[in-house]
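First up is the structure itself, then whatever we jot down about it.
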Amino acid sequence: MPDYREGSLAAPMRHPIQWDDEDYYDETSLHIEMERVFDICHTCRRCVNLCQSFPTLFDLVDASETFEMDGVDKADYSKVVDQCYLCDLCFMTKCPYVPPHEWNIDFPHLMLRAKAVAFKQGKTKLSHKILTSPQKVGAFSSVPVLSGVINWTNNFKPFRQVLEKTLGVHTDALIPKYHSKKLSKRFVYEQNDSQYKVAIFGTCYGEFNDPDTALDIIDVLRHNNVEVKLVQKTQCCGMPKMELGDLESVEAYAQENIAPLMALVEQGYKLMAPIPSCVLMFKNELPMIMSGNEAIKAIGEAFYDPFEYLMFLNKEGALNTDFQPINQHVLYHMACHQRVQNIGVQTKKVLSLIPGLDLDVIQRCSGHDGTYGVRKDTYTYAVKIGKPIANKITQETDLVLSDCVMAGNHIAHISEYEVKAIHPMSLVKIAYGLDKEKT
């Protein structure tokens, strides 16, 4: 007999993204699939509190003449797509109909297909193309002297108003600083004959906007007798371009990254990045976009989240747990792109080893997600999504932690209280007594 089950208890699985098939870009075929999936979503509505995509969809249905998907104009489907920033939480934490369920619902990858079709049709705004080019923007904005001017003007209200009109960056959004002393300039290799070897993929954000966090991760690894290298001559991981639907650029970036990363993998190095989105890109997304590429698979298998690697050391009996007490109340936000890696709560496990730390763990979306959290047309929604976390901050909160520094800064920025946000690894460094200035 057929297996008629409302939901599936089997582990979620994902299929390769067939973006090089001709049918992938067929708009009629796309709309048929979107109507099918949207109809299932609207009859379930379990994801209504995750992001703005689902309330947008349900409002369209409820405002239609039929109160069903057949009453929604297909031209309005793009309104749902525009609100999806591919956090994957609906797929990984909410939807009961993901494969291997016969309904085969993968909402984020359907939204990715819709974005790819729109990009192919030339409907993507120039401002969005610029904002999703962090390596090019960062290389320009981190030029000595110029970086100081840019950082100053980014806090100058009249300039921000111009920036909003030209690039669509909301005047109230927090823009990260640019550093002329980039990560690649500040990193110094130290010889170590340890059996544990890690190569850091610095990321665009780590290279140009936040080299301190990457350096803190490096210091913690070295404190645990790990040999650390910095991957040289890398391109963007491709996540911003994937969010845009520009899959050709995603593949081109990956092809540039394969050689330097594979060389290190073949030398026995594990790979790591300070940004969860970049780790997720290599672990999960690129192996689905380039499913026939064995090098990408090998690179993905070698990639570790920073705290996933610390817990690996702990299981090996190689983690230094001589932490000094930190008597502070800390709000810890677990980033979406770390959660959907399916590695468990590794950051919480490590932080729980620090004596005296009062840890409040939040597992919900910050609403930032790179460009979504700064664009004029989505910033208000980014604040709305992140407010439930920001409202957890009180006068007693000493620090905000997030595995995604951008998310942590966004949460602190929209809070009613003035509070500092840092990467959890920076707190681990403090607990080791390696940096007392950040508390």
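Here are some notes:
- Odd one out for Asp210 among (1) without any contact (Cβ under 8 Å) to a residue 60 or more places away in the chain; (2) touching a helix residue (DSSP H, G or I) at 6+ places or on another chain (Cβ under 8 Å); (3) more than 23 Å from Glu301 (Cα to Cα); (4) not β-branched (Val, Ile, Thr): (1)
- Count of the range 168-190 residues, restricted to those that are surrounded by fewer than 21 Cβ atoms within 10 Å (Cβ to Cβ) and either among the hydroxyl-bearing types (Ser, Thr, Tyr) or modelled with pLDDT under 90 (or both), is 4.
- Condition met for Tyr85 (out of contact with any Asp or Glu (no Cβ under 6 Å at 6 or more places or on another chain) and of a type in the set (Phe, Trp, Tyr)): no
- Whichever residue in the range 395-439 is without any contact (Cβ under 8 Å) to a residue 24 or more places away in the chain and part of a loop (DSSP other than H, G, I, E, B) and, among such residues, is nearest to Pro211 (Cα to Cα): Lys438
- Count - residues of the range 295-305 that are surrounded by fewer than 23 Cβ atoms within 10 Å (Cβ to Cβ) and either at pLDDT below 95 or of a type in the set (A, V, I, L, M, F, W, C) (or both): 3
- Odd one out for Ser141 among (1) touching a helix residue (DSSP H, G or I) at 6+ places or on another chain (Cβ under 7 Å); (2) open to solvent by 30 Å² or more (accessible area, probe 1.4 Å); (3) farther than 26 Å from Val81 by Cα: (2)
- Filter result for Tyr253 (closer than 20 Å to Val226 by Cα, of a type in the set (Ser, Thr, Tyr), open to solvent by 20 Å² or more (accessible area, probe 1.4 Å) and within 22 Å of the chain's Cα centre (by Cα)): no
- All positions within the range 227-249 that are in contact with a Lys or Arg (Cβ under 7 Å, 6 or more places away or on another chain), modelled with pLDDT of 95 or more and among the aliphatic types (A, V, I, L, M): Val228
- One residue stands out in the range 82-96 among those that are at negative phi and part of a loop (DSSP other than H, G, I, E, B): the one that is most open to solvent (accessible area, probe 1.4 Å), namely Asp82.
- The sole residue among Lys429, Lys420, Lys392, Lys376 that is of a type in the set (Lys, Arg) and either under 29 Å from Gly300 (Cα atoms) or touching a Cys at 6+ places or on another chain (Cβ under 6 Å) (or both) is Lys429.
- Within the range 122-151, residues that are closer than 26 Å to Ser78 by Cβ and in a loop (DSSP other than H, G, I, E, B) sit with their Cβ atoms under 9 Å from residues that are basic (Lys, Arg) and open to solvent by less than 50 Å² (accessible area, probe 1.4 Å), at 6+ positions apart or across chains, in these pairs: Thr124/Lys115; Thr132/Lys241; Ser133/Lys241.
- Within the range 102-128, the residues that satisfy the criterion of being among the aliphatic types (A, V, I, L, M) and either surrounded by 16 or more Cβ atoms within 10 Å (Cβ to Cβ) or touching a Gly at 6+ places or on another chain (Cβ under 9 Å) (or both) are Ile105, Leu110, Met111, Leu112, Ala114, Ala116, Val117, Ala118.
- Of Ile275, Ile258, all but one fail to be surrounded by fewer than 24 Cβ atoms within 10 Å (Cβ to Cβ), within 30 Å of Leu126 (Cα to Cα) and among the β-branched types (Val, Ile, Thr); the exception is Ile258.
- Here Leu131 fulfils each of the conditions (1) surrounded by 13 or more Cβ atoms within 10 Å (Cβ to Cβ); (2) among the hydrophobic types (A, V, I, L, M, F, W, C); (3) out of contact with any Pro (no Cβ under 8 Å at 6 or more places or on another chain) apart from (3).
- Hits in the range 202-231 - residues which are open to solvent by 10 Å² or more (accessible area, probe 1.4 Å), under 22 Å from Ser402 (Cβ atoms) and among the aliphatic types (A, V, I, L, M): Leu215
- Of all the residues in the range 164-197, those that are of a type in the set (D, E, K, R) and under 30 Å from Phe312 (Cβ atoms) number 6.
- Among residues of the range 311-344, those that are within 30 Å of Tyr417 (Cβ to Cβ), out of contact with any Pro (no Cβ under 8 Å at 6 or more places or on another chain) and among the aliphatic types (A, V, I, L, M), counted: 4
- Among the residues of the range 111-131, those identified as closer than 22 Å to Leu286 by Cβ and out of contact with any Cys (no Cβ under 9 Å at 6 or more places or on another chain) are Arg113, Ala116, Val117, Ala118, Phe119, Lys120, Thr124, His128, Lys129, Leu131.
- Ala63 meets all of the listed conditions (1) open to solvent by 80 Å² or more (accessible area, probe 1.4 Å); (2) in contact (Cβ under 8 Å) with a residue 40 or more places away in the chain but one, namely (2).
- Total residues in the range 187-233 satisfying the condition of being of a type in the set (D, E, K, R), assigned to a loop (DSSP other than H, G, I, E, B) and either more than 17 Å from the chain's Cα centre (by Cα) or over 25 Å from Asp369 (Cα atoms) (or both): the figure is 3.
- Any chance Pro99 is open to solvent by less than 10 Å² (accessible area, probe 1.4 Å) and assigned to a loop (DSSP other than H, G, I, E, B): yes
The values are calculated or read from the model by the stated rules, or taken from the named source; none is laboratory data. Here the structure is a predicted model, which means the values were calculated and not measured. In this analysis, Cβ positions are derived from the backbone assuming ideal geometry, glycine residues included, and neighbour counts consider all displayed protein chains. Side chains included, ligands, DNA and RNA excluded: accessible areas come from the protein's heavy atoms. Shrake-Rupley method; radii C 1.70, N 1.55, O 1.52, S 1.80 Å.
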